[in-house]
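Asks: Shown below is the structure under consideration.
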Amino acid sequence: MRMRVTHTRDVFLSVLSFAAAVFVSMAALAQEVTDEHRQAARAAMEATGASDRLDSILPQLASFQKAALIANRPDIESEISDTVDEVAISLASRRGDLEKEIVDVYTRKFTQAELESISSFFSSETGIKFLTNTPILFREIDEISALWRQGINRDMTKEVTEKLKEKGL
């Protein structure tokens, strides 16, 4: 019995040691992001326009704040508007922190070489055309898929009804 307990404990300690070694190795790898890797991530982020949609966050929040406050105190609309604008402008510098976090996401998901390739493509004439046309493509794809869905639904309804009738249901 004593030997079995010792063996189980030894196996447990071995597994625990292995897991700790793997964790330390992974942590070390995660920390080995070079400045060049970060620069490639920032270039890819800029080339793809990934952070462009973030431009509207602060103005939208300011607009919501103004609307909510003015609804309660319409008599001081001008003061509220000026104050919200002042605070929004003072918070704009925090945008850099958000971009740093996005760069970190890119460095975790892509190697430096992959990021350089992404930047190269999306900075090219074809890449720029792709980015420019993507909203139009998605809109047209949505329209086509909606028509397709309607046709499939119509045909499915018809066929299911016919088959249920054939079965006497």
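Asks: Which of (1) under 30 Å from Lys129 (Cβ atoms); (2) without any contact (Cβ under 8 Å) to a residue 12 or more places away in the chain; (3) of a type in the set (Asp, Glu) is the odd one out, the single condition Glu99 does not satisfy?
Replies: All conditions are met except number (2).
Asks: So is Leu98 of a type in the set (A, V, I, L, M), under 27 Å from Glu36 (Cα atoms) and under 22 Å from the mean Cα position of the chain (by Cα) or not?
Replies: yes
Asks: Further, regarding this structure: Output the helices (runs of 4 or more DSSP H) that fall wholly within the range 1-110 and possess 1 or more residues being out of contact with any Cys (no Cβ under 7 Å at 6 or more places or on another chain) and modelled with pLDDT of 95 or more, or say none.
Replies: 35-48, 57-72, 77-91, 95-109
Asks: Another question about this same structure. Within the range 60-81, is there a residue that is closer than 30 Å to Ala43 by Cα and not hydrophobic (A, V, I, L, M, F, W, C)?
Replies: Among the residues of the range 60-81, at least one is closer than 30 Å to Ala43 by Cα and not hydrophobic (A, V, I, L, M, F, W, C), which makes the answer yes.
The values are calculated or read from the model by the stated rules, or taken from the named source; none is laboratory data. Note that the coordinates shown come from a computational prediction; the quantities given were computed from them, not determined experimentally. All Cβ positions, even for glycine, are placed from backbone atoms using ideal geometry, and neighbour counts span all protein chains on display.
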